[in-house]
Amino acid sequence: MSENIYDVVVVGAGPSGLTAAIYTTRRSLKTLVLSKDIGGQAAMTSDIENYPGFEHVDGLELMQKFQAQATKFGTEFAFEEVEKLNKEGETFILTTSKNREIKAKAVILAFGLTPRNLNVPGEKELIGKGVAYCATCDGPLYKGKDVVVVGGGNSALDAAEFMSKIANKVYLLHRRDVFRGEQVLIDKVQNTENIEIIYNAESKIVKGDQKVEALVYQQEDQEKEIKVDGVFVEIGHIAKTDWTADLVDLTERREIKISRDCETKTPGLFAAGDITDISYKQAVISAGEGSKAALQAYKFLQGANAAAGPDWS
Ligand code: NAP
């Protein structure tokens, strides 16, 4: 595969990356999606109720449909992380975690955001031993147990609601007294019997020897402790864009700056979805951005004067 030059390499396989691949392959562009997983953050969401056309769908199931559609049109997939991106002449060279060099005429960066850590003692040591960052993935391991979800946005609310159906008891611990998520999710969480909300609480230590035993937190001037088997950290995401930095401009939050048509400062290099500086991080928006990036990449590959044109052929 390393001898091939792809027309387009898409980095990331969430809603934006997979949609981009659907669009590029429908334009007969030889396309490779490079990603560490399928679906990204959307696949970690158990209940999606705001994706048009689906009254209610499991995030992973929705992303598998995207992947099947991309595969049907000829997208190739490789499950490798990209560690380096260079441009030599007109060709992009992507170096992966398997030390492979992959060449492309155009690249679409759509690798989304990475979960933020609490950065408290015990967290790192107990990852996989009770500390988790994805309720949909790891939640089923906590059947009948007591867990805490930390955070106050849609991810935390969603995770608490999901875990309430599996765990015996769910604590939802938020550092303020107001949630920043959607009202419909807040109502669900507040009206679920086995969810106890702890407001104005700052996580201090994840306690445990071989596995999580408790979370210590500060509330006003008191230090308190809850005994739990699992700590789900759902406190937002950060942009890990260091490896792209020479070829793109970044915002203060390290997100990739793009034009209205998903262009970066480097010709032939596009970006789409949550990793960019767009305002709203939603699956449906990412999908739309992915299609824009793909049409713009097509236009780039056809030469500057070509119009992207419609996609209803
Ligand atoms: P978010 O909206 O940025 O919320 C992060 C939450 O974590 C905030 O409540 C924040 O507290 C808290 N937080 C941040 N750093 C913290 C720290 N060091 N210690 C303790 N708490 C901390 O992130 P998100 O919930 O992951 O959502 C990300 C995006 O995905 C949002 O746009 C969201 O709408 C979207 N999303 C949507 C759905 C859905 O539609 N169902 C589901 C999941 C995610 P403060 O409030 O005090 O800042």
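The values are calculated or read from the model by the stated rules, or taken from the named source; none is laboratory data. Quick caveat: nothing in here was measured; it's all calculated off a predicted structure. Virtual Cβ from ideal backbone geometry, glycine too; neighbours counted across all protein chains shown. Side chains included, ligands, DNA and RNA excluded: accessible areas come from the protein's heavy atoms. Shrake-Rupley method; radii C 1.70, N 1.55, O 1.52, S 1.80 Å.
Separation of the stretch 142-161 and the stretch 235-258, taken as the distance between their Cα centroids, equals 28 angstrom. Entry for the chain at q = 0.11, 0.16 Å⁻¹: log10 I(q)/I(0) = -0.71, -1.21, Debye formula applied to identical alpha-carbon scatterers, no solvent contribution. The amide H of Asp249, built 1.01 Å from its N in the peptide plane, has Lys257, Lys265 as neighbours under 5 Å, considering only residues 5 or more places off or on other chains. Surface listing: Asp246, Asp37 arranged by accessible area from highest to lowest gives Asp246, Asp37, probe 1.4 Å. Normalising the average separation of contacting C-alpha pairs (under 8 angstrom, six or more residues apart) by the number of residues puts the relative contact order of the stretch 172-313 at 11 percent. Note on the chain: dipole from Cβ charges, positive end direction compared against His56, Phe66, Met44; the farthest Cα belongs to Phe66. Our coupling estimate for the stretch 153-170, obtained by passing each phi through the Karplus curve with A = 6.51, B = -1.76, C = 1.60 and θ = phi - 60°, is x, 4, 4, 5, 4, 4, 5, 5, 5, 4, 5, 5, 8, 10, 7, 6, 9, 10 Hz, Gly and Pro reported as x.
Using the alpha carbons alone, the radius of gyration of the stretch 89-137 stands to its Kirkwood radius in an Rg to Rh ratio of 1.19. Accessible area per residue (1.4 Å probe, heavy atoms of protein chains only) ranks His56, His174 as His56, His174, with the largest value leading. This model, with +1 at the C-beta of Lys and Arg and -1 at the C-beta of Asp and Glu, gives the chain a dipole about its Cα centre of some 740 debye. Note on the stretch 186-265: with charges restricted to the Cβ of Lys and Arg (+1) and Asp and Glu (-1), its dipole about the Cα centre is near 240 debye. For the residues Thr114, Thr75, Thr192, a GNM of the chain with alpha-carbon springs under 10 Å puts the largest fluctuation on Thr192. Hey, how much of the P(r) for the stretch 183-241 falls beyond 16 Å, as a percent of Cα pairs? The share of Cα pairs beyond 16 Å in the stretch 183-241 comes to 59 percent. Against the main long axis of the alpha-carbon atoms of the chain, helix 283-302 sits at an angle near 20°. Think of the chain as having a plus end and a minus end, set by charges on the Cβ of Lys, Arg, Asp and Glu; of Gly236, Thr251, Leu29, Leu29 sits farthest toward the positive end of this dipole. Averaging the Cα positions of each part gives two centres, and for the stretch 269-287 and the stretch 169-218 these lie 28 Å apart.
Using the Cβ of Thr75 as centre and a radius below 14 Å, the other residues enclosed give a net charge of +3, where K and R count +1 and D and E count -1. In terms of overall dimensions, the stretch 255-310 has a Cα radius of gyration and Dmax of 11.1, 32 angstrom. Could you run the Debye sum over the Cα atoms of the stretch 20-71, one equal point scatterer each and no solvent, and tell me log10 of I(q)/I(0) at q = 0.13, 0.21, 0.27 Å⁻¹, two decimals? So the normalised log intensities are -0.35, -0.79, -1.03.
Each other residue within a Cβ distance under 12 Å of Phe54 adds +1 if Lys or Arg and -1 if Asp or Glu, for a net charge of -4. Among Ala132, Val216, Gln183, whose Cα projects farthest towards the positive end of the dipole of the stretch 116-233, with charges put on the beta-carbon of Lys, Arg (+1) and Asp, Glu (-1)? My answer, from the dipole projection, is Ala132. Estimated purely from DSSP H runs of n ≥ 4, each contributing -39500 (n - 2.57), the mean residue ellipticity at 222 nm for the chain is -7000 deg cm²/dmol once divided by its residues. Beta bridges per DSSP, both residues in the stretch 116-233: antiparallel share near 45 percent. Reported value for the stretch 169-313: 194 Å³ per residue, from the convex hull of its C-alpha atoms. Two numbers describe the Cα atoms of the stretch 118-184: Rg and Dmax, which are 12.0, 35 Å. Kirkwood hydrodynamic radius of the stretch 116-233, from the reciprocal of the average inverse Cα-Cα distance over all distinct pairs: 13.8 Å.
With one equal scatterer per alpha carbon and no solvent term, the Debye-computed log10 I(q)/I(0) for the stretch 52-93 at 0.17, 0.30 1/Å reads -0.72, -1.02. When DSSP beta bridges are limited to those with both residues in the chain, what percentage is antiparallel, rounded to the nearest 5? Antiparallel bridges: around 45 percent, rounded to the nearest 5. Ranked by solvent-accessible area (1.4 Å probe, protein heavy atoms only, all chains present), the residues Ser97, Ser203, Ser28 order from largest to smallest as Ser28, Ser97, Ser203. Net charge of the neighbourhood of Asp7, taken over other residues with C-beta under 14 Å away and scored Lys/Arg +1, Asp/Glu -1, is +4.
Partnerless cysteines in the chain, where a partner means another cysteine C-beta under 4.7 angstrom, comprise Cys262. Short-range pairs are left out: with C-alpha atoms under 8 Å and at least six residues apart, the relative contact order of the stretch 113-239 is 36 percent. Sparse packing (at most 15 other Cβ atoms within 10 Å of the Cβ) combined with a DSSP loop state is found for the following chymotrypsin sites (Phe, Trp or Tyr not before Pro) in the stretch 197-233: Tyr199. Looking at the stretch 16-172, the DSSP beta bridges with both ends there are about 60 percent antiparallel. Remark: the stretch 116-233 carries a charge dipole of roughly 300 debye about the Cα centre, counting +1 on each Lys and Arg Cβ and -1 on each Asp and Glu Cβ.
Placing a pseudo-label 7 Å from each Cα along the Cα-to-Cβ vector at Tyr280 and Tyr199 gives an inter-label distance of 2.8 nm.
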